[in-house]
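Here's the structure we're looking at; comments come further down.
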Amino acid sequence: MESLRETRRLLEQERANDARRALLLTGLRLGDRALDAGCGPGGITETMADVVGPEGHVTGVELNPERVAEASLRCQRRPNLSFLQADIRGMGLADATFDYSWSQFVFEYLPERLPALAELARVTRPGGKVVVSEIDGLGFQNWPFPERLREGTQRIVDALATKGFDLFAGRKLFTEFRQVGLRDIQVHLLPFYMVAGAADDRLLMDWEVRFAALEAVAAPFFGGLDSYRAYCREYLRMLADPDGLKYAVLLVTEGTKP
């Protein structure tokens with residue numbers, strides 16, 4: 001999913017979705033030392049910095065060095081915000097560093113999620129919060145939704161699974177939070193998008209970039225590039241249909257470090 005268009009897509013996605021609501025709902029507070037694990041270009045990291053205020057501090061951790069550079073440049077005037085290039089499965093940070101550790105849209109990419117979740121718990125202080133936000137079942141919640149589009153979407157799910165990507169990671173995190181010993185676990189169901197009618201240009205661009213990025217992985221599951229692109233065009237027409245309903249959900253899982 002790496003490209004210049006992907007950076008733009010991530011920032012537009014972050015602006016369109018109410019991350020602040022999820023952050024406040026799960027306990028991010030003024031003065032907290034907070035972690036944004038897998039921060040990408042830093043859009044949500046900035047929102048976190050606004051919430052914790054000048055008395056707090058936010059550390060954004062990102063594996064991609066280009067994204068770290070982009071985020072650092074965009075946020076260079078924010079003294080309560082810093083960025084680190086690292087893998088969230090082994091960040092090299094001290095134990096019990098943060099009051100609140102957040103990660104969004106990262107765990108779906110991890111073939112093994114428990115090591116990353118254990119790492120988030122390790123760097124969180126006792127009594128602090130670990131929060132993971134994931135889309136669950138993206139692409140399937142549409143009506144009308146012709147069977148050929150449903151079958152095509154399942155082919156993409158199958159293709160992604162060969163690369164360790166789990167489109168249904170969100171629903172599995174409650175169990176995994178328990179497995180790493182977090183307590184007082186809650187799961188919040190929030191909208192990722194809700195479109196009654198035709199999707200706007202931003203959402204259509206979001207899907208276009210996804211489809212383009214997935215060509216190499218998904219096309220073989222359609223028997224070739226032409227068939228895959230035909231599916232993508234039909235899916236985009238479905239999103240633009242003024243008579244249809246389209247939605248996707250976030251599952252935001254929070255737990256407390258004992």
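The values are calculated or read from the model by the stated rules, or taken from the named source; none is laboratory data. Because the structure is a prediction, the values reported are computed rather than measured. Note that each Cβ is placed from the backbone with ideal geometry, even for glycine, and that neighbours are counted across all protein chains shown.
Structure notes:
- Checked against (1) within 22 Å of L23 (Cα to Cα); (2) at pLDDT 95 or above; (3) in a strand (DSSP E or B), P191 passes all but a single condition, namely (2).
- Members of region 39-55 found to be among the polar types (S, T, N, Q) and out of contact with any helix residue (DSSP H, G or I) (no Cβ under 6 Å at 6 or more places or on another chain), listed by number: T45
- Being crowded, with 16+ Cβ neighbours inside 10 Å and assigned to a strand (DSSP E or B) is a description that does not apply to Y228.
- Residues of region 222-258 classified as in contact (Cβ under 8 Å) with a residue 40 or more places away in the chain, touching a Leu at 6+ places or on another chain (Cβ under 8 Å) and aliphatic (A, V, I, L, M), total: 8
- The residue of region 191-220 that is surrounded by the fewest Cβ atoms within 10 Å (Cβ to Cβ), among those that are free of Cβ contacts under 8 Å to residues at least 24 places away in the same chain and farther than 13 Å from I156 by Cα, is D201.
- For D243, the conditions (1) in a helix (DSSP H, G or I); (2) more than 21 Å from F107 (Cβ to Cβ) are fulfilled apart from (1).
- Region 35-65: number of residues that are closer than 22 Å to L110 by Cα and either touching a Phe, Trp or Tyr at 6+ places or on another chain (Cβ under 8 Å) or assigned to a loop (DSSP other than H, G, I, E, B) (or both): 16
- Qualifying positions in region 199-225 - under 24 Å from G244 (Cα atoms), of a type outside the set (D, E, K, R) and either in a helix (DSSP H, G or I) or more than 25 Å from the chain's Cα centre (by Cα) (or both): L203, L204, M205, W207, V209, F211, A212
- Tabulated pairs, region 134-145, first on the phi > 0 side of the Ramachandran plot, second surrounded by fewer than 15 Cβ atoms within 10 Å (Cβ to Cβ) and polar (S, T, N, Q), C-beta under 6 angstrom, 6+ apart or interchain: none
- Test: residue in region 78-96 that is among the acidic types (D, E) and either under 20 Å from G255 (Cα atoms) or in contact with a Ser or Thr (Cβ under 9 Å, 6 or more places away or on another chain) (or both): yes
- When R150, R155 are checked against the criterion of being buried (at least 16 other Cβ atoms within 10 Å of the Cβ) and of a type in the set (K, R), R155 stands alone in meeting it.
- Residue that is surrounded by the fewest Cβ atoms within 10 Å (Cβ to Cβ) [pool: residues in region 129-147 that are in a strand (DSSP E or B) and over 14 Å from the mean Cα position of the chain (by Cα)]: W143
- Any hit, region 168-185, residues being in a strand (DSSP E or B) and among the charged types (D, E, K, R): yes
Yes/no per residue for (1) closer than 23 Å to P41 by Cα; (2) among the charged types (D, E, K, R); (3) in contact with an Asp or Glu (Cβ under 8 Å, 6 or more places away or on another chain); (4) assigned to a helix (DSSP H, G or I):
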residue: F83; (1), (2), (3), (4): yes, no, yes, no
residue: L93; (1), (2), (3), (4): yes, no, no, no
residue: D99; (1), (2), (3), (4): yes, yes, yes, no
residue: W102; (1), (2), (3), (4): yes, no, yes, no
residue: E119; (1), (2), (3), (4): yes, yes, no, yes
residue: G127; (1), (2), (3), (4): no, no, no, no
residue: R150; (1), (2), (3), (4): no, yes, no, yes
residue: R155; (1), (2), (3), (4): no, yes, no, yes
residue: D158; (1), (2), (3), (4): no, yes, no, yes
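- All told, G42 meets the bar of being buried (at least 21 other Cβ atoms within 10 Å of the Cβ), under 24 Å from L204 (Cα atoms), modelled with pLDDT of 90 or more and of a type in the set (G, A, S).
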